[in-house]
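S.K.: Got a structure here, written out as structure tokens. Questions coming.
Rule-based calculations on the coordinates, nothing more; no lab input. What you see is a predicted model, and the numbers here were worked out from it, not measured in a lab. Here Cβ is always computed from backbone atoms with ideal geometry, including for glycine, and neighbour counts include all displayed protein chains.
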Amino acid sequence: MASGRASEDPDTEGGAPTGDGTVADTAPVSPAVAAADAAGPASGETVRIDSWIWSVRLVKTRSMGATACRGGHVRVNGDRVKPAYAVRVGDEVRLRHDGQERVVVVKRLIRKRVGPPVAVQCYVDNSPPPLPREAIAPAGIRDRGTGRPTKRDRRDMERLRGLTGPGPAGTAGPDTTS
């Protein structure tokens with residue numbers, strides 16, 4: 001043994017030596033996986049649901065995640081949860097955000113916000129496909145230059161949007177005078 005370094009030992013080439021004298025095969029770790037591991041909690045620690053949905057980029061800010069939890073827009077395994085709920089690997093998270101529902105299964109816990117390529121490796125997306133833009137009917141969009149809508153046009157647009165119920169034209173609503 002000329003210098004005593006482990007790299008000159010022919011038994012350890014192509015892997016890392018372990019404590020029992022065998023060689024473990026080490027595959028190169030992608031930077032994305034390394035970043036996700038670095039962003040993860042220490043062993044035994046938990047991650048809050050509002051922090052996790054922010055970390056994997058399902059919401060724009062953590063406070064939006066907390067607000068969604070308080071408003072009942074976040075469900076974990078079918079139950080409404082508070083922002084401090086501790087999420088675990090394998091949990092199904094349902095989030096209603098911006099008019100659509102996201103259904104994801106937790107694959108990896110992370111605490112810090114990471115880039116989009118790393119974030120998608122932390123969950124499995126089981127969301128239903130969004131509706132095509134043609135299927136969403138634009139309610140009450142008027143042609144440019146047609147002027148101000150009349151009272152009848154305005155009521156028709158409100159009826160299309162679902163703001164008022166279908167009532168006979170010309171009625172102002174229930175009589176509130178006594």
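S.K.: Among 69-78, 122-131, 45-54, how do they line up by average Cβ neighbours within 10 Å per residue, starting with the highest? Walk me through the numbers on the way to the answer.
M.R.: Values: 69-78: 15.7, 122-131: 12.4, 45-54: 21.2.
The most tightly packed comes first, giving 45-54, 69-78, 122-131.
S.K.: Moving to a separate point now. Near LYS82, which lysines are there with a Cα under 29 Å away, not counting those fewer than 8 places off in the same chain?
M.R.: Within reach: LYS60, LYS107, LYS112.
S.K.: Okay, next question. Quick check on packing: order 145-158, 105-118 by the mean number of other C-beta atoms within 10 Å, highest mean leading.
M.R.: The most tightly packed comes first, giving 105-118, 145-158.
S.K.: ARG144 versus SER63, label points 7 Å from Cα toward the beta carbon: distance in nm?
M.R.: Label-label distance for ARG144 and SER63, simple model: 3.6 nm.
S.K.: Follow-up. Residue by residue, what Karplus-based ³J(HN,Hα) values in Hz, rounded to whole numbers, does the stretch 55-69 have, using 6.51, -1.76 and 1.60 with θ = phi - 60° and x for Gly and Pro?
M.R.: Karplus values, whole Hz, x for Gly and Pro: 5, 8, 6, 7, 10, 7, 10, 5, 5, 5, x, 5, 5, 5, 5.
S.K.: Shape call for the stretch 51-91 from the C-alpha gyration tensor, a ≥ b ≥ c root eigenvalues: rounded (a/c under 1.5), prolate (a/b greater than b/c) or oblate?
M.R.: Numbers: a/c = 1.89, a/b = 1.18, b/c = 1.61.
Here the stretch 51-91 falls in the oblate category.
S.K.: Any idea how far apart VAL105 and SER43 come out in nm if each label point goes 7 Å out from Cα toward Cβ?
M.R.: Each label point lies 7 Å from its Cα, and together they span 2.6 nm.
S.K.: Give the dimensionless ratio obtained when the Cα radius of gyration of the stretch 67-133 is divided by 2.2 N^0.38 Å.
M.R.: Against the compact-globule rule of thumb, the ratio is 1.13.
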